[in-house]
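Student: Here it is: the structure, laid out below.
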Amino acid sequence: MAISRKFSSSIVTIGNASSIENLWVKVSYAHRSVLIGLSYIPPEKSQDISVLDLHVSALSEARLQHPSCGIIFIGDFNQPQLLWIPGQGNNLLIDPSSVISTASASLVDGTILNGMHQRNGLRNFHNRTLDLVFTDESILISTIIEANEVVVPIDVHHPPFEFDISFPNPVAFIEDFDSSARDFRRADFEVLNRALSEIDWTNLQRCADVDMAVSTFCSILSEVFDNSVPLVRPPLRPPWTNSRLKQLKQIRSKWLRLFSSSRCPFLKTKLNDATRRYRIYNRLCYRRYLDRTQSDLRRNPKTFWKFVNTKRKESGLPAVLHLNDRTAESSAEKCNLFANHFSSVFPIQSLSADQINAAVTLLPRDVLDLDIFAITEEMVLDAINNLKFSTSTE
């Protein structure tokens, strides 16, 4: 493994990997780190379950030692019977026609349990894929292509390949939470009123300046609130979770710890079952959350837009907007670009009731009253003038 000198790199020692051909290197750049594991399984040991389990155990140990690092697990695993077909994104799936041996299943199951996905689909001159590239979800990887420039002679059994990696910003499903916020709806107002009535406010008059008076006033109120007003409960993390989902996650974590330490086949079965039940129920809760968010759009639009913001790759408005050959940087220019675009896609013409019905067939129920579709300029201006300033993005 060759690492450029412009990167900070160091060899990582894995305790149980001394008996196999396995190398791990940590590479750091621009406050991000990636752990690269290089493995080789000789052909004569490609069906030795104990050898494959050692490679998987090294992967598990590397994840435990460096939980904050992205991981690339790469090498010649000599599993020619595994055929790979395109899946979602750059992930590859095992072709159902593959003849999976017990050793191959151990390798595939072990990488999946460690949150890894296979990315390399290039085949050699025997139409086989011997070199596999596994990465976790914290790394974005480009489509793997055959390398144009090589540094060693080409081996027809192992076509050289290249790819780019990047680190995506994590999608945050958790809303910002102020740990010092108070929930006055659950306050003990009897205790609060009694405490406020007993305060000697003349102390404020003895303060030397207004800054000291404000500081004294805030400290008095803070002490009163500590005894009468509870803190705001933190939001659900993620927002669709519940006690049952938390319990399933704890059960899965328990079996993962046990299996990682012993590699027992029985514990592996338990872990697979717990993972399956957690994922099924998590998907169910997530679908219910999406349905609630959509159905509450009119009654509680803030929740809907908070969900939308978690899916955005950037926060706030873009610095520059483009429309055809025009650009806009100021707020007024951006508004004019939107106005030009909307006016171009909505021609001024009268639409029939059938056309309107066809256009709103995908809208949720009770969103639009089709008996009222005459909108005048005065109505639009009146609606704009009644908008709250808090709904503006700036």
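The values are calculated or read from the model by the stated rules, or taken from the named source; none is laboratory data. This is a predicted model, so every value here is computed, not measured. When we count neighbours, we look across all protein chains shown, and the Cβ atoms used for this are built from the backbone with ideal geometry, even at glycine. Only protein heavy atoms, including side chains, enter the accessible area calculation; ligands, DNA and RNA are left aside. Shrake-Rupley method; radii C 1.70, N 1.55, O 1.52, S 1.80 Å.
Student: Name the residues in the stretch 333-362 that are at pLDDT below 85 and of a type in the set (A, V, I, L, M, F, W, C), would you?
Tutor: 342, 345, 346, 348, 351, 353, 356, 358, 359, 360, 362
Student: Turning to a different aspect of this structure: Considering only residues that are more than 31 Å from the chain's Cα centre (by Cα) and more than 21 Å from residue 384 (Cβ to Cβ), look in the stretch 320-344 and name the one that is least open to solvent (accessible area, probe 1.4 Å).
Tutor: Within the stretch 320-344, the match that is least open to solvent (accessible area, probe 1.4 Å) is 327.
Student: Quick check, is residue 268 part of a helix (DSSP H, G or I), over 21 Å from the mean Cα position of the chain (by Cα), in contact (Cβ under 8 Å) with a residue 60 or more places away in the chain and surrounded by 11 or more Cβ atoms within 10 Å (Cβ to Cβ)?
Tutor: Yes; evaluated as a whole, the condition is true for this residue.
Student: In the stretch 127-165, which residue that is among the polar types (S, T, N, Q) and open to solvent by 30 Å² or more (accessible area, probe 1.4 Å) is modelled with the highest pLDDT?
Tutor: The qualifying residue modelled with the highest pLDDT is 127.
Student: Also: Can you name every residue in the stretch 288-305 that is open to solvent by less than 90 Å² (accessible area, probe 1.4 Å) and in contact (Cβ under 8 Å) with a residue 60 or more places away in the chain?
Tutor: 295, 297
Student: All but one of (1) within 30 Å of residue 61 (Cα to Cα); (2) loosely packed, with under 11 Cβ neighbours inside 10 Å; (3) β-branched (Val, Ile, Thr) hold for residue 251, so report the exception by its number.
Tutor: Tallying (1) within 30 Å of residue 61 (Cα to Cα); (2) loosely packed, with under 11 Cβ neighbours inside 10 Å; (3) β-branched (Val, Ile, Thr), residue 251 fails exactly one: (2).
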